[in-house]
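The values are calculated or read from the model by the stated rules, or taken from the named source; none is laboratory data. A quick note: this is a predicted structure, and the numbers were derived from the prediction, not measured. Note that we place each Cβ from the backbone using ideal geometry, even for glycine, and neighbour counts take in every protein chain shown.
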Amino acid sequence: MIINNSRPYTLIPMEVRFNNLFTHFVFTVENRQPIIKAKNRERIEKYITGIVNNHECKLYAIYANPDHVHFLVSRSPEMSEHRLAGLVAEGSETFINVNHLCNGRFRWQTTCSAFSVSKKEVDRICKYILTQPEHHKTESFIEETDRMIAHYLQSLSDKGIRAH
């Protein structure tokens, strides 16, 4: 296809009626501090679930570890990963701090991970998220993060994309 650069480019409105936008998010507590208390875990998970479900998305699985949280969502095409991550981070930080669910001021790191998931992998990722306590008996969060990033960077390099 040849594009004539002398004419202005206009977007054709295109409605997306069907989508398959599954994303596995991982949020990390600032400085990887293990400050999410077990007694407050479910309350934090329910609040994050509410944020996700109230923004035209659906949460499939969530687990709040002491130093990080995993959750799997399906997103509306209008909801970018960046916007959803910001909504969850801001809302949950405020909720945790207002309700004193951690000692001191709670903050997430300023970056998170968002991994795309195919529909056929949804059940496996849900199980992985929901079995976090067992999983972290054999692999630390740092080892887990390094493994996940290596896997996704390999996927990118297989396609000729370089990570920065």
Have a look at 32, 17, 43, 83 and point out the one that is on the phi > 0 side of the Ramachandran plot and not polar (S, T, N, Q).
32
Give the stretch 45-75 a look and list any residue that's in contact with a Lys or Arg (Cβ under 9 Å, 6 or more places away or on another chain) and among the hydroxyl-bearing types (Ser, Thr, Tyr), or say none.
63, 74
Read through the list (1) of a type in the set (D, E, K, R); (2) in contact (Cβ under 8 Å) with a residue 40 or more places away in the chain; (3) closer than 17 Å to residue 32 by Cα, then give the number of the only condition that residue 75 fails.
(3)
Determine if the stretch 100-116 includes at least one residue that is of a type in the set (Phe, Trp, Tyr), within 23 Å of residue 19 (Cα to Cα) and at pLDDT 80 or above.
yes
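May I ask you to verify whether residue 8 is more than 21 Å from residue 98 (Cβ to Cβ) and in a loop (DSSP other than H, G, I, E, B)?
On the way: more than 21 Å from residue 98 (Cβ to Cβ): yes; in a loop (DSSP other than H, G, I, E, B): yes.
Judged against the criteria, residue 8 is a match.
Take the stretch 14-61 and flag every residue that is among the aliphatic types (A, V, I, L, M) and assigned to a helix (DSSP H, G or I). I'd like the intermediate steps shown before the answer.
Within the stretch 14-61, the subset among the aliphatic types (A, V, I, L, M) is 14, 16, 21, 26, 29, 35-36, 38, 44, 48, 51-52, 59, 61.
Hits for the stretch 14-61 are 38, 44, 48, 51, 52.
Each row is one residue, and each column tells you yes or no for (1) surrounded by fewer than 18 Cβ atoms within 10 Å (Cβ to Cβ); (2) within 18 Å of residue 28 (Cα to Cα); (3) of a type outside the set (A, V, I, L, M).
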residue	(1), (2), (3)
51	no, yes, no
61	no, yes, no
66	yes, yes, yes
70	no, yes, yes
90	yes, yes, yes
The number of residues in the stretch 13-31 that are surrounded by 14 or more Cβ atoms within 10 Å (Cβ to Cβ), over 16 Å from residue 97 (Cβ atoms) and of a type outside the set (Ser, Thr, Tyr) is 5
Among (1) at pLDDT 95 or above; (2) under 16 Å from the mean Cα position of the chain (by Cα); (3) part of a loop (DSSP other than H, G, I, E, B), there is one condition residue 84 misses while meeting the rest; what is its number?
(3)
Going by what's in this entry, would residue 92 be described as closer than 27 Å to residue 148 by Cα and outside any loop (DSSP other than H, G, I, E, B)?
yes
Taking residue 144 and the conditions (1) modelled with pLDDT under 90; (2) over 12 Å from residue 70 (Cα atoms); (3) of a type in the set (D, E, K, R), which numbered condition does it fall short on, given that it satisfies the others?
(2)
